[in-house]
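Heads up: the structure comes next, in structure tokens.
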Amino acid sequence: MNEAKLAIRDLGKRFPTRHGEFTALADVCFDVAAGEFVALVGASGCGKSTLLRLIGGLESPSSGQVLLDDSPVRGPGRDRAMVFQDYSLYPWLTVAQNVAFSRGLRANRSRDRAPSAERSRLLLELMGLERVADAYPHTLSGGMRQRVAIARALQNEPDVLLMDEPFGALDAQTREVMHELILHVLASERRTIVFVTHDVEEAVYLADRIIVLAPGPGRVDSIWPTDLPPALARSLELKQSAAFLRLAGRIRARIRETSGLQSDLAALRRLTGIKPPEPDSASRTS
């Protein structure tokens, strides 16, 4: 693996509550190489989004640190950009204006504006947004709005792109289109990406490595390399391959084991007296 672009060292996060401190994350450690796509998965409440916000500098750690190029992260910065599930677009700006907005804040001198405008044009083309460049967000589908959000995040050429359930609100067909798009972006832009999702198949298809977080408190349970072809060599048929399905199944099983769901089901069966169904005779003899 290449030298770490992003290093998470003994990271912990505690939040005050009426009943004392709640530990959301404890002793989280892992590295992300430059240009690597890492997906974070795990049961609800394992701290995936909290971890992403700590990397983005939107939260301060209670212990440990986040290092970017060996320098501690002490707040938000142009070296990181975040994409959220709810798009977070400016409704009074057009698509082109939304994409160009953050770069325009610092393009005060005339010599800065030309590269900014060219960067915006290229991102609109990369995302397939040229024909809606003058449209306003409310006229676009969810998938198109998320394309705008991704283009805006890439406008400042961040070192690290942080994505928090970016496709969670989209229908299945649109999600597949966005998967192909993000793989194309990954190959074209070569950004380091940390991606939070509940969808294990999505994580396996997109990521180079998958980190399973376990709850109570949130911590790294296991790390799974996907060993898939390069981004542009992946296709939807890959999702039907035996290797893909086997890896996704193993990760789902691990998430169930770490979530405590199995023990909850066992307790429920004891309470109700209902036993799990016996395999039928055909499956017993096969």
Filter the stretch 64-119 for residues that are out of contact with any strand residue (DSSP E or B) (no Cβ under 9 Å at 6 or more places or on another chain), among the polar types (S, T, N, Q) and modelled with pLDDT of 90 or more and give the result. Ser71, Thr94, Gln97, Asn98
Tell me whether the stretch 222-235 contains one or more residues that are in contact with a helix residue (DSSP H, G or I) (Cβ under 8 Å, 6 or more places away or on another chain), outside the structural domain of Ser102 (by TED's automatic domain parsing) and modelled with pLDDT of 95 or more. yes
Among the residues of the stretch 232-245, are any within 17 Å of the chain's Cα centre (by Cα) and not in a loop (DSSP other than H, G, I, E, B)? no
Return the residues of the stretch 38-63 that are hydrophobic (A, V, I, L, M, F, W, C) and either surrounded by fewer than 16 Cβ atoms within 10 Å (Cβ to Cβ) or modelled with pLDDT under 95 (or both); say none if nothing qualifies. Ala43, Cys46, Leu58
Tell me, yes or no, whether the stretch 195-207 has at least one residue that is of a type in the set (A, V, I, L, M) and surrounded by fewer than 14 Cβ atoms within 10 Å (Cβ to Cβ). no
List the number of the failed condition for Cys29; all other conditions in (1) touching a residue at least 60 places away in the same chain (Cβ under 8 Å); (2) loosely packed, with under 14 Cβ neighbours inside 10 Å; (3) farther than 14 Å from Val66 by Cβ hold. (3)
Looking only at the stretch 57-88, count every residue that is touching a residue at least 60 places away in the same chain (Cβ under 8 Å), small (Gly, Ala, Ser) and more than 17 Å from Ser102 (Cα to Cα) and tell me the total. 0
Taking the criterion of being part of a loop (DSSP other than H, G, I, E, B), more than 16 Å from the chain's Cα centre (by Cα) and not polar (S, T, N, Q), would at least one residue in the stretch 154-163 satisfy it? yes
Among the residues in the stretch 46-64, are any over 19 Å from the mean Cα position of the chain (by Cα), assigned to a strand (DSSP E or B) and more than 15 Å from Pro217 (Cβ to Cβ)? no
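The values are calculated or read from the model by the stated rules, or taken from the named source; none is laboratory data. All of these numbers come straight from a predicted model, not from anything done at the bench. A quick note on method: Cβ atoms are made from the backbone with ideal geometry, for glycine too, and the neighbour counts reach across all protein chains shown.
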